[in-house]
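Have a look at the structure below, then the notes.
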Amino acid sequence: MWQRALLLGLLLLLALAAQMTVFHYLSVGGALPDLMLLFALMFALRQGPRSGLAVGVAAGLLQDLTTGTFLGLNALTIGTVAFLMGLVQQKIFRENVAVPVLSSIIGSLLRDGMSMFFLAVFGVEFAVGRVFLEVSFPAALYNGALAPLLYSQLFATDFWLRNLSSEG
Amino acid sequence: MSFLRRHKQTISAALVVAVTIAVMGLTARERERITYLEVVLLEIVAPLQGALEFVTSSVVSVSDSIAEVRTLREENRRLEEEVARLSHLLDDLEELRRENERLRDLLGFASRYPYDTLAAEVIARSPGNWFSILTIDKGSRNGVVVDLPVVTAGGLVGRIVRVTPRTSTVMLITDPKSGVGAMIRRSRDAGVATGQLGSDPLLLLKMFSTKADVSPGDTVVTSGLSQIFPEGLKIGTVVEVFQGEFGLVTQATVRPAVDFDRLEEVLVILAWPRGEEAR
């Protein structure tokens, strides 16, 4: 159990570091993928709403502490979206490859919608339509494209760890 | 009592959400000090980011070089001509500098002091699409403190907003929370340049006067009014001028002078002459 938690923590730190470095060279039209959200969504789809919520809050909090402003914005939005997607996964056939893709696109748009709401509440001025078209939509598509890759890799690692735990 | 028991989970969740929103509101403004947790996290992630940034930029650099091999010969010939031309230009500039110094002496003005700067490497960028920040590899151990301006040879990059012993966070001028005292170099009309959310990092320049003399192509520089940035640092170039809401303010979009996607090294201005000192 502790091995899985440790590995998850390390993977989240690595994903955060990659998002702040490598993925800036791989941005599409200025849009960055949201690895923290993808992580949480993949866990939510595979293990249900509670796991999604826990991983989402942890991932969001890491991102919040790194950004240093509006602490809790990412934890709240990623946690909520992962929880909701976790509820949905109980009613769908999650092995279908379209599921992670669609969940990532919908989840990204939902998270950005929540983020925009809170930023507007706290006085940040922006043009909703422009931000949606130029930032949220390309980022959602990017997340959707990355999702199947992350989905398979993440759970291959998890499967390996489970075997390791049972052998130990 | 039974109501509380029945809805324990819902009430707990609502409380957590309320507290989170309150914390969000409290941290929406800039803080003088950061938490110990943030220091620990940033210090742990920094070496990892440094390594990843080094590997990635090396790979990008090598691939760029390979792609440019075909044009290298042509480029080399062109550069040789350019070097010859620039050498002449340098000679001319040296003459002008000497003449300028003599004129300044005549007018009784002292030459401006050079800024006291610290070179730093960019080790990480924004973790999301909402805020524009950079992490650099110099911190309080190197004399960096909050609010110091950060520049490149091209112009203004931003200012320090958080400092740990070995790293600092720079809020870029394109961040939606950033506001820089600015003026049009040609007309000296002043305003505030703020960042905007969006894929194209254009700044919004709100002029203080409705009759401000500003046109596309004008160079925008720091006004020095905020005391955070020295006067005269290049911010960018005016792209478009328009009237704001109800025609009460003149506004302009400004393309920053710095290419924020390609930043690798920056200079932190540790000290500069202010007020009377600057004259």
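The values are calculated or read from the model by the stated rules, or taken from the named source; none is laboratory data. Keep in mind it's a predicted model, so treat the numbers as computed, not measured. For neighbour counting, all protein chains shown are included, and Cβ atoms are generated from backbone atoms with ideal geometry for every residue, glycine included.
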Query raised in the report: With (1) touching a Leu at 6+ places or on another chain (Cβ under 8 Å); (2) of a type outside the set (Lys, Arg); (3) away from every other protein chain (no Cβ under 14 Å) as the list, and B:Gln196 as the residue in question, which single condition is left unmet?
Result: (3)
Query - Residue count for the range B:41-67, restricted to those that are more than 9 Å from chain A (Cβ to nearest Cβ) and exposed (fewer than 13 other Cβ atoms within 10 Å of the Cβ) - result: 8
Query raised in the report: Hey, any hits in the range A:109-119 for a residue that's acidic (Asp, Glu) and buried (at least 20 other Cβ atoms within 10 Å of the Cβ)?
Result: yes
Requested in this report: Within the range A:1-12, count every residue that is without any contact (Cβ under 8 Å) to a residue 12 or more places away in the chain and away from chain B (no Cβ under 12 Å).
Outcome: 3
Report task. Please enumerate the residues belonging to the range A:120-130 that are facing chain B (nearest Cβ under 9 Å) and exposed (fewer than 13 other Cβ atoms within 10 Å of the Cβ). Result -> A:Val121, A:Gly123, A:Glu125, A:Ala127
Query - Matching entry among B:Val150, B:Val144 (being touching a residue at least 40 places away in the same chain (Cβ under 8 Å) and part of a strand (DSSP E or B)) - result: B:Val150
Query raised in the report: Would the range B:216-225 turn up any residue that is touching an Asp or Glu at 6+ places or on another chain (Cβ under 6 Å) and modelled with pLDDT under 90?
Result: yes
Query raised in the report: Would it be correct to say that A:Val97 is more than 14 Å from chain B (Cβ to nearest Cβ), touching a Pro at 6+ places or on another chain (Cβ under 7 Å) and at pLDDT 80 or above?
Result: no
Query raised in the report: Hey, among B:Arg255, B:Arg279, B:Arg262, which residue is under 29 Å from A:Gln19 (Cβ atoms), modelled with pLDDT under 85 and more than 12 Å from the chain's Cα centre (by Cα)?
Result: B:Arg262
Query raised in the report: Give me the pairs: first residue in the range A:13-25 and touching a residue at least 60 places away in the same chain (Cβ under 8 Å), second residue crowded, with 24+ Cβ neighbours inside 10 Å and in a helix (DSSP H, G or I), beta-carbon distance under 8 Å, and six or more apart or on different chains, which are they?
Result: none
Requested in this report: Could you list, in sequence order, all residues of the range B:184-193 that are among the aliphatic types (A, V, I, L, M) and either within 17 Å of B:Val239 (Cβ to Cβ) or within 14 Å of another protein chain (Cβ to nearest Cβ) (or both)?
Outcome: B:Ile184, B:Val192, B:Ala193
Report task. Answer with yes or no whether A:Ala75 is part of a helix (DSSP H, G or I), facing another protein chain (nearest Cβ under 7 Å) and under 19 Å from A:Arg111 (Cβ atoms). Result -> yes
Report task. Quick one: which residue in A:Ala58, A:Ala31, A:Ala40 is within 10 Å of another protein chain (Cβ to nearest Cβ) and among the hydrophobic types (A, V, I, L, M, F, W, C)? Result -> A:Ala31
Query - Of residues in the range A:23-64 being of a type in the set (A, V, I, L, M, F, W, C) and not in a helix (DSSP H, G or I), the one modelled with the highest pLDDT - result: A:Leu32
Query raised in the report: If you scan the range A:15-28, which residues turn out to be more than 7 Å from every other protein chain (Cβ to nearest Cβ) and either more than 17 Å from A:Ser136 (Cβ to Cβ) or among the aliphatic types (A, V, I, L, M) (or both)?
Result: A:Ala15, A:Leu26, A:Val28
Query raised in the report: How many residues does the range B:134-179 contain that are within 14 Å of another protein chain (Cβ to nearest Cβ) and at pLDDT below 90?
Result: 2
Requested in this report: Output yes when any residue across the range B:95-114 is at pLDDT 80 or above and either over 25 Å from B:Pro230 (Cβ atoms) or of a type in the set (S, T, N, Q) (or both), and no when none is.
Outcome: no
Query raised in the report: For residues in the range B:114-131 being farther than 23 Å from B:Ala51 by Cα and assigned to a strand (DSSP E or B), which is nearest to the other protein chains (Cβ to nearest Cβ)?
Result: B:Thr117
Report task. For the range B:1-58, enumerate the residues that are over 30 Å from B:Ile136 (Cα atoms) and either part of a loop (DSSP other than H, G, I, E, B) or of a type in the set (Phe, Trp, Tyr) (or both). Result -> B:Met1, B:Phe3, B:His7
Report task. Sort out which residues of the range B:26-40 are surrounded by fewer than 18 Cβ atoms within 10 Å (Cβ to Cβ) and under 16 Å from A:Gln63 (Cβ atoms), and write them in order of number. Result -> B:Thr35, B:Leu37, B:Val40
Query raised in the report: Quick check: anything in the range A:63-72 surrounded by 21 or more Cβ atoms within 10 Å (Cβ to Cβ), hydroxyl-bearing (Ser, Thr, Tyr), touching a Lys or Arg at 6+ places or on another chain (Cβ under 8 Å) and at the interface with chain B (Cβ under 8 Å from one of its Cβ atoms)?
Result: yes
**Report entry** Residue list for the range B:230-261, filter: in contact (Cβ under 8 Å) with a residue 12 or more places away in the chain and of a type in the set (Asp, Glu)
**Finding:** B:Glu231, B:Glu240, B:Asp259
